[in-house]
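The values are calculated or read from the model by the stated rules, or taken from the named source; none is laboratory data. Everything numeric here is computed off the predicted structure, so don't read it as measured data. Methodologically, a virtual Cβ is constructed for each residue, glycine included, from the backbone with ideal geometry; neighbour enumeration extends over all protein chains shown.
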Amino acid sequence: MNRAEKTTAAGALREILTGFATSGRQAAALLFCLCLAAPIFTTPAFAVEPDEVLDDPALESRARDLSAEIRCLVCQNESIDSSNAPLARDLRIIVRERLVDGDSDQEILDYLVARYGDFVLLRPPMKPETYFLWFGPVVLLLLGTLAVGAYFVNQKRRADNDTPVPLSAEEKQRLAALLEDPPEQESPQQEPGNPDPQKLAGGPSESPKT
Amino acid sequence: MGRKLIFFLPVLVFLILGGYFFWGLDPERNPADIPSVMIDKEVPVFDLARLDGSGVVGFNNEDLKQGTVTLVNAFASWCLPCLAEHPILTELAKRNGIRLYGINYKDKPEDAARWLREHGNPYARIGADNSGRVSIDWGVYGVPETYIVDGEGRIRYRHIGPLDQAATDEIILPLINELKQ
């Protein structure tokens, strides 16, 4: 994009913004929101340089897919497709050369694994050493589910076991006695000169409601 | 018994997680230290031409199978850590009499030659890997890297980054002495 295009694009954007917003302040706010939302509409930047791109679009697309699976050894958390490291570029070119030579995707990955180990693959392969990695989370989830399930089953069993035992004759008698004669000091005695301030104020509990 | 075990479960989980965190936070651990898959394998087939202006010849994989332990060092004149390890390599070659070969990684021959003139050339042979392809076959992913190759041409050890005195004294020299016997 050259400079003139950029300015016209900026002008168009300003026109659109002022169309939506009546004041400059609103336009600024709108622009700010658009800036915040911008990452949603972007795609990751790719490091593939024009001179690397293959003429055959099918092969190039395979190369792109394959490169996205290959770790850049220098940056380590980037694929060679998105890394600008010189080694990533070399590996991208090797991938493309081998594709042109008719290698299968697997042959290319094997070639790289032979030199850099499984580490070069962003998607770890399924093999005994990686079972823990692949199945660990599922196993942990199952164990957790089992533990939670066991807890609730246990709760329920205990609740079932705790069905109340009927009162004995002696206990019934005591309960009846308690219900008949209220204890003498059920409520604290009020001092005559010091009435309950709540009662005077007429708390909400005492306001009659019909 | 089963009921009591359940109280130890959180402790167990904590210990396992804590163990991993402890390992992860260990300042001695270098996350960039990717284990080489080339260990105990034969060096790749290659033939590197000499580096112009270095005054020494190049080498190929057959040269590493002549019964002598060789230290193979990937270096470049543009690589600052290479300069940092240069005195240690020089000492290994001169004082300890270790056979040291160099792979000059993606360098301009005139720059490399000037660098060697300026700082001294400890390498008995230097191969110019202008494209970096041979280094990729070795599994090099950055310079400097140093490989110990036994007399049969098998890679026995790889050191990533500049050699320091500790790594030299504790790993490189003992392993070379062991391989020499």
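If residue A:134 meets every condition in (1) farther than 26 Å from residue B:41 by Cα; (2) out of contact with any Asp or Glu (no Cβ under 8 Å at 6 or more places or on another chain); (3) within 14 Å of chain B (Cβ to nearest Cβ); (4) of a type outside the set (A, V, I, L, M) apart from one, which number is that one? Answer for residue A:134: the failing condition is (3). Look through the stretch B:126-159, keep the residues that are basic (Lys, Arg) and touching a residue at least 60 places away in the same chain (Cβ under 8 Å), and return whichever of them is nearest to the other protein chains (Cβ to nearest Cβ). Per the criteria, the residue is B:158.
This table checks each residue for (1) crowded, with 22+ Cβ neighbours inside 10 Å; (2) in contact with a strand residue (DSSP E or B) (Cβ under 6 Å, 6 or more places away or on another chain); (3) among the aliphatic types (A, V, I, L, M); (4) not in a loop (DSSP other than H, G, I, E, B).
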| site | (1), (2), (3), (4) |
| --- | --- |
| B:72 | yes, yes, yes, yes |
| B:83 | no, no, yes, yes |
| B:90 | no, no, no, yes |
| B:93 | no, yes, yes, yes |
| B:102 | yes, yes, no, yes |
| B:110 | no, no, no, yes |
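Residues of the stretch A:71-82 that are surrounded by 15 or more Cβ atoms within 10 Å (Cβ to Cβ) and within 12 Å of chain B (Cβ to nearest Cβ): A:71, A:72, A:73, A:74, A:75, A:80. Scanning the stretch B:12-40 for residues that are surrounded by fewer than 12 Cβ atoms within 10 Å (Cβ to Cβ), modelled with pLDDT of 85 or more and within 14 Å of another protein chain (Cβ to nearest Cβ) yields a count of 6. Across the stretch B:41-70, the qualifying residues are those that are among the acidic types (Asp, Glu) and within 23 Å of residue B:173 (Cα to Cα), and the one among them that is surrounded by the most Cβ atoms within 10 Å (Cβ to Cβ) is B:63.
Checked against (1) surrounded by 10 or more Cβ atoms within 10 Å (Cβ to Cβ); (2) within 30 Å of residue B:5 (Cβ to Cβ); (3) of a type in the set (A, V, I, L, M), residue A:159 passes all but condition (1). Every listed requirement among (1) surrounded by fewer than 11 Cβ atoms within 10 Å (Cβ to Cβ); (2) outside any helix (DSSP H, G or I) is met by residue A:137 save one, (2). Filter the stretch B:90-125 for residues that are among the β-branched types (Val, Ile, Thr) and within 14 Å of chain A (Cβ to nearest Cβ) and give the result. Residues satisfying the conditions do not exist here. Across the stretch B:155-169, a minimum of one residue is classified as surrounded by fewer than 22 Cβ atoms within 10 Å (Cβ to Cβ), outside any helix (DSSP H, G or I) and among the acidic types (Asp, Glu). Annotation note: of B:5, B:9, the sole residue that is modelled with pLDDT under 90, part of a helix (DSSP H, G or I) and either in contact with a helix residue (DSSP H, G or I) (Cβ under 9 Å, 6 or more places away or on another chain) or acidic (Asp, Glu) (or both) is B:9.
When you scan the stretch A:97-110, how many residues do you find that are within 14 Å of chain B (Cβ to nearest Cβ) and crowded, with 17+ Cβ neighbours inside 10 Å? Residues flagged as within 14 Å of chain B (Cβ to nearest Cβ) and crowded, with 17+ Cβ neighbours inside 10 Å within the stretch A:97-110 amount to 3.
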